[in-house]
Each structure stands twice: as structure tokens, then as C-alpha cells.
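Trainee: One structure follows; several queries about it will come next.
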Amino acid sequence: MPFESYKNSRILVTGGAGFIGSHLCERLLEAGAEVVSADNYFTGSRRNIAHLIANPLFEAVRHDVTFPLYIEVDAIFNLACPASPIHYQRDPVQTTKTSVHGAINMLGLAKRLKARIFQASTSEVYGDPLIHPQTEDYWGNVNPIGIRSCYDEGKRCAETLFFDYWRQHGLPIKVARIFNTYGPRMQPNDGRVVSSFIVQALKGEPITVFGDGGQTRSFCYVDDLVEAITRLMVTPEDVTGPINLGNNSEFTIRELAEKVIKLTGSRSKLVFKPLPQDDPRQRQPDLAKAKAALNWEPKVALEDGLKETIAYFKRSLELT
């Protein structure tokens, strides 16, 4: 299917009420698309899309992607899956089903419709990487039987399915490996490092740092990520990915904690706890492919993005 513009197109976003999904729905509506959000609200929230409900071009559907969905659309963004360890480890079997059965169902829908389809994969496919920064041709260092495997291996299998549908059926696919992303509409209890640090700092609680805080992450503000995703979907069909999407500015976890304390004016102190099983020591994307294929690079500095995210949590926690 030729697909060069969102204007007047009908787009399905699975996981549309989630943190990233709700921002994507917003951006697509701004581009003139008709948007259908499908979400089972396991980790998504109606609050994330409440401001979109009055828009006549927006529709919210309660649906679990582990079951088939019968709908007519021009393109599909598949973002449905719990993405934080606390949530995806709560029901690991269901997490794997969401990645694998969900991919099969959405790919089947795309095949029937001859629609192009985007898969939100993850930097977790690299596991605890042995090369740094991570390039798309690196196969990863993943524990297949650990407590994070339901997510890591589920996403790896989803990538396999996408590329097999591309090879076997000629389906136009787009696969992005998303690195740590943060911003407004994150859940305060999702266990992700940015939201956890901000909430603890705002409440004046000790900030929990796992390990010695020397492990690194690269944090991408959600607006930058959504810009990259929407650009990837309208690239020529020979651009399949996988493409790393994120921010390549690397910070230690301790540096992040110190920035959050400074920006919130908190008196919180750091407390150190043992590193969880299979927690990656380093995480930084090589963005050469994204820059070449999308003419894109992240623009929002960590401090600026943190200010917006802190303001959001102040409002949502009624601390303003």
C-alpha cells in the first residue's frame, strides 16, 4: 500500500491509551488522521486520552490484542505491551502472549488489509549488551529463562514474526527498537527509573538506586520519539528497520538521580539496593541508521525534558 501522508488516513494504534501510545494518537490527529485507539487498559489509562475523546476523528476501543480485531484501517501502529518490569513481570505469561499472539493478530489484520504496520520493539532485545553503543546488527546477550525474559524474548519473537511476514507475504513492515523514553503520562508506580526518582523526590522520600548507580542509560523525551516513529512509518517500503530510536546522550543512574534532586529542590537522599537480575549495565543507541533513514535526531536535552515531566507529576500528584 502506498502510504505517504497521515491526512485523511484511518490509523489503528494498539496500546493507544499508554504513555507513548497516547502521545502518538495526539500527533496523528494533529496530522489530520482519523485515529482508533485499541487498549485493554492493563497499563494504559483513560486519563491519557480523555482530552481526545471529544475529537470526532478519535475513537477509543477496549480490546486485548491477544484476540483478533476486525476493523478497517490504512495503517497500524502496534504498541500494545506492558513495558516496565513491575508491570510485565506481574503476569509474565500474558506479557509473552501480548508480544507474540498480539503480533500474529495485528500482522494478520495488516495482511488482510494490505496495510503497512509498525512494531514497537525495544532496546531490551539487546539484553545486557557486550558491545557499546548498540547497533542494529548486534544480536544481543539475552537470558532466555530469566525474570525479564517474558518481555525481552517476547519482543524478539515479535520481530521474527514481522520479518517473516515481510519475507513470506511481502507485508510492508516498520520495526523500531525503542530505548528509554520518558515524559508526561508516565505512571507514578511503573518502576521506571525516571518516574520513580521524580515521585520519590517530590514526596521527599529516599531515592532508590539499584547497584552502585554507575550503570548507564540514554533517556529520550517522548516528543522526540513520537516524531521519529511518525517519520519511520512514511518512509519507502524498502526501509523496514529494525531502527534504533532514542537519545544517544548517556548518563549514569546516579547522575540522573542528582539531576532530579536539583530540579525538584528535594532534600531526598540516595539509598542503594542490590541490582535486579539481568539488569543491563549499559544502554546507549547507535543512531546512525535513524539519522540516515529519517533525517532525525533527538532535540530535547535531558534537563529540559525532566522539567516538563516533573511539572506533570506535580500536577498529577496534586503537589502544585
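Trainee: Please tell me the relative contact order of the range 201-305 in percent, rounded to the nearest whole number, where contacts are Cα pairs under 8 Å and at least six residues apart. Could you put the intermediate results ahead of the total?
Mentor: Values: 144 pairs, mean separation 50.1, N = 105.
Relative contact order of the range 201-305: 48 percent.
Trainee: Kindly provide the chymotrypsin sites (Phe, Trp or Tyr not before Pro) of the range 39-86 that DSSP labels as loop, not H, G, I, E or B, and whose Cβ sees at most 16 other Cβ atoms within 10 Å. Could the numbers behind the result be given before it?
Mentor: Numbers: sites: Tyr41, Phe42, Phe58, Tyr70, Phe77; in loops: Tyr41, Phe42, Tyr70.
Listed in order of number, the matching sites are Tyr41, Tyr70.
Trainee: At 0.36 nm per residue, minus the direct Cα-Cα distance, what do Ala288 and Thr208 gain on full extension? Give it in nm, one decimal, please. Before the final figure, lay out each step's value.
Mentor: Values: separation 80, 0.36 × 80 = 28.80 nm, distance 3.38 nm.
So the extension gain works out to 25.4 nm.
Trainee: Let me check something: with ligands and nucleic acids excluded, how do Trp166, Trp296, Trp139 order by accessible area (1.4 Å probe), largest to smallest? If you can, show how the numbers build up before the last one.
Mentor: Values: Trp166 100, Trp296 15, Trp139 215 Å².
Correct descending sequence by accessible area is Trp139, Trp166, Trp296.
Trainee: Out of the total accessible area of the range 41-112 (probe 1.4 Å, heavy atoms of protein only), what percent is carbon and sulfur? Intermediate results must be reported in sequence, preceding the final value.
Mentor: On the way: 2070 of 3620 Å².
Roughly 57 percent of what the probe reaches on the range 41-112 is carbon or sulfur.
Trainee: Note down the nm distance, to one decimal, between modelled labels 7 Å out along Cα→Cβ at Glu250 and at Asn295.
Mentor: 3.0
Trainee: Also, quick follow-up: Can you tell which of Tyr138, Val35, Ala120 lies farthest toward the positive end of the dipole of the range 26-140, using +1 and -1 charges on the Cβ of basic and acidic side chains (Lys, Arg; Asp, Glu)?
Mentor: Towards the positive end, the residue furthest out is Val35.
Trainee: Using the alpha-carbon atoms, what tilt in degrees (0 to 90, nearest 10) does helix 19-30 show relative to the longest principal axis of the chain?
Mentor: Relative to the chain, helix 19-30 is tipped by roughly 50 degrees.
Trainee: Give me the Å³ per residue figure for the convex hull around the C-alpha atoms of the range 45-94.
Mentor: Working: hull volume 5.5 nm³, N = 50.
Cα-based convex hull of the range 45-94, divided per residue, equals 110 Å³.
Trainee: Additional query: Could you give the length gained on full extension between Val61 and His132, defined as 0.36 nm per residue of separation minus the Cα-Cα distance, in nm? Let's see the in-between values first.
Mentor: Details: separation 71, 0.36 × 71 = 25.56 nm, distance 4.06 nm.
Residue separation times 0.36 nm, minus the Cα-Cα distance, leaves 21.5 nm.
Trainee: Hey, which lysines would be in cross-link range of Lys262, C-alpha to C-alpha under 21 Å, not counting anything within fewer than 8 residues on its own chain?
Mentor: Candidates past the 8-residue exclusion: Lys203, Lys307, Lys314.
Trainee: Note the angle between two axes, namely the Cα long axis of helix 302-316 and the longest principal axis of the Cα atoms of the chain, as a number of degrees from 0 to 90, rounded to the nearest 10.
Mentor: 90
Trainee: Let me ask you something else. Relative contact order of the chain, please, whole-number percent, based on alpha carbon pairs below 8 angstrom and at least 6 residues apart.
Mentor: Details: 639 pairs, mean separation 55.4, N = 320.
Here the relative contact order equals 17 percent.
Trainee: Residues of the range 159-313: accessible area per residue at 1.4 Å, in Å²? Write down the numbers at each step before the final one.
Mentor: Values: 6550 Å² over 155 residues.
So the range 159-313 comes to 42 Å² accessible per residue, rounded to a whole number.
Trainee: Within 10 Å, at most 15 other Cβ atoms, and a DSSP state outside H, G, I, E, B define an exposed site. Report the longest part of the chain free of exposed trypsin sites (Lys or Arg not before Pro). Let's see the in-between values first.
Mentor: Working: sites that count: Lys7, Arg90, Lys114, Lys203, Arg267, Lys269, Arg281, Lys299.
Between exposed loop sites, the widest span is 115-202.
Trainee: At q = 0.09, 0.14, 0.18, 0.21 Å⁻¹, work out log10 I(q)/I(0) for the range 163-320 with the Debye formula, treating every Cα as an identical point scatterer and leaving solvent out; two decimals please.
Mentor: For the range 163-320, the Cα-only Debye profile gives -0.35, -0.75, -1.06, -1.28.
Trainee: May I pose another question? In the chain, what % of DSSP beta bridges are antiparallel (nearest 5)? If you can, show how the numbers build up before the last one.
Mentor: Details: 3 of 38 bridges.
Once the DSSP bridges in the chain are tallied, antiparallel ones form about 10 percent.
Trainee: Taking the Cα centre as origin and putting +1 on Lys and Arg beta-carbons and -1 on Asp and Glu beta-carbons, what dipole magnitude results for the chain, to the nearest 20 debye? Write out the running numbers ahead of the final one.
Mentor: Details: 37 positive and 37 negative charges, 111 e Å.
That gives a dipole near 540 debye.
Trainee: Please report the net charge: other residues with Cβ closer than 14 Å to the Cβ of Asp286, K and R +1, D and E -1.
Mentor: Values: positive: Arg177, Arg283, Lys289, Lys291; negative: Glu136, Asp137, Glu250, Glu297.
With Lys, Arg at +1 and Asp, Glu at -1, the net is 0.
Trainee: Which FRET efficiency, nearest 0.05, do Ala54 and Lys307 yield, Cβ-Cβ r, R0 22 Å? Before the final figure, lay out each step's value.
Mentor: Details: r = 29 Å, r/R0 = 1.31.
Using R0 = 22 Å, I get an efficiency of 0.15.
Trainee: Taking the 0 to 90 degree range and rounding to the nearest ten, how far is the long axis of helix 193-202 tilted relative to the main principal axis of the chain, both from C-alpha atoms?
Mentor: 50
Trainee: Under a point spin-label approximation (7 Å from Cα along Cα-to-Cβ), what is the Gln89-Arg46 distance to one decimal in nm?
Mentor: For Gln89 paired with Arg46, the spin-label model returns 3.1 nm.
Trainee: Roughly how far apart, in whole Å, are the Cα centres of the range 70-146 and the range 228-276?
Mentor: A separation of 19 Å, based on Cα centres.
Trainee: Here is a further query. For the range 143-221, what relative contact order do you get, as a whole percent, if you take Cα pairs closer than 8 Å and at least 6 residues apart? The partial results should precede the final answer.
Mentor: Working: 39 pairs, mean separation 19.6, N = 79.
Normalised by residue count, the contact order of the range 143-221 is 25 percent.
Trainee: Here is a further query. Say we join alpha carbon atoms closer than 10 Å with springs in a Gaussian network model of the chain; which of Thr309, Thr96, Thr160 then has the biggest fluctuation?
Mentor: Thr160
The values are calculated or read from the model by the stated rules, or taken from the named source; none is laboratory data. On a predicted model such as this, the values are computed, not experimentally measured, just so you know. When we count neighbours, we look across all protein chains shown, and the Cβ atoms used for this are built from the backbone with ideal geometry, even at glycine. All accessible areas refer to the heavy atoms of the entire protein, side chains included, with ligands and DNA or RNA removed. Shrake-Rupley method; radii C 1.70, N 1.55, O 1.52, S 1.80 Å.
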